[in-house]
1. Could you tell me which residue out of L69, S19, I7 lies farthest along the dipole of the stretch 1-101 toward its positive end? Charges go on the beta carbon: Lys and Arg +1, Asp and Glu -1, centred on the Cα centre.
2. Once amide H atoms are placed 1.01 Å from N in the peptide plane, what residues at a sequence separation of 5 or more from A61, or on another chain, have their amide H within under 5 Å of its amide H?
3. Tell me which of L103, W118, L131 sits at the most positive position along the dipole axis of the stretch 101-174, charges placed on C-beta atoms (Lys, Arg +1; Asp, Glu -1).
4. Specify which labelled value, from (1) 9, 30, 25, 17, 13, 5, 1, 0; (2) 11, 40, 33, 13, 3, 0; (3) 10, 40, 39, 11, 1, agrees with P(r) over Cα pairs in 10 Å bins from 0, in percent derived from the coordinates of the model shown.
5. Of the listed peptides 74-82, 153-161, what is their order by residue-averaged count of other C-beta atoms within 10 Å, with the highest listed first?
6. Taking only DSSP H segments of four or more residues, each worth -39500 (n - 2.57), what value at 222 nm results for the chain once the sum is divided by all its residues, to the nearest 500 deg cm²/dmol?
7. In whole Hz, with x marking every Gly and Pro, tabulate ³J(HN,Hα) for the stretch 40-52 from phi via Karplus 6.51 cos²θ - 1.76 cosθ + 1.60, θ = phi - 60°.
8. Can you tell me the FRET efficiency between L9 and K127 if r is taken as the Cβ-Cβ distance and R0 is 41 Å, rounded to the nearest 0.05?
Amino acid sequence: MHPSEQILLPAALQASGFSLQNGTLTRSGSPCMLTELTIPEGITGIQSFCFSGSPALKKAALPKSLRELGTAAFTDCRALEEITIPEGITRLRKMTFSGCVSLREAALPSSVTSIGEWAFRGCRALKTVFLPESVTDICAEVFLDCPGLTILGCKNSTAEHFAKSFGIPFRAME
């Protein structure tokens, strides 16, 4: 038995069609209808499109054990307002939070080095994103259709150069 198979998924996740495969949370069936979600410690990955299109999901707490967020993992979660991305995630893949029109802020941990295409595309309520100095690879259209966005980061960082290149307001953090 793989150690991650000893993780017990809460009944609400099981009832919503979620299961574990080698430490990765997967979902089959219709979109998740939960409004709040706490993914248990020990889970190391979230399958591509796992939560995509979940219309009621407002808040998601990801475990510290998480290392991999699949492509479009939370795309089109239109009610999502709050998510905590744990240390240990090294990249945001293509379309991770695309279409999360209610997401207001995001802070990436210092383990993130890369942000894929359209990771935050269409996040119209997004006001601030903190990009740590560790982020050195940002795809050009990551913040497409995010009016009112200000990027927070370190002075002379990739984040600052990216913001200036694309006309996005930047604020240096101490």
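1. Of the candidates, L69 comes out farthest on the positive side.
2. L37, T38, I39
3. L103
4. Identified label for the calculated read-out: (2).
5. 74-82, 153-161
6. Working: 2 runs with 13 residues, N = 174.
Rounded to the nearest 500, the figure is -2000 deg cm²/dmol.
7. x, 4, x, 6, 9, x, 10, 4, 3, 6, 4, 10, 4
8. 0.75
Computed from the coordinates by the stated procedures, all read-outs in this text should not be read as laboratory data. Nothing here was measured: the structure is a model prediction, and the numbers come from that model. Ideal geometry is used to build each Cβ from the backbone, glycine not excepted, and the neighbour counts take in all protein chains shown.
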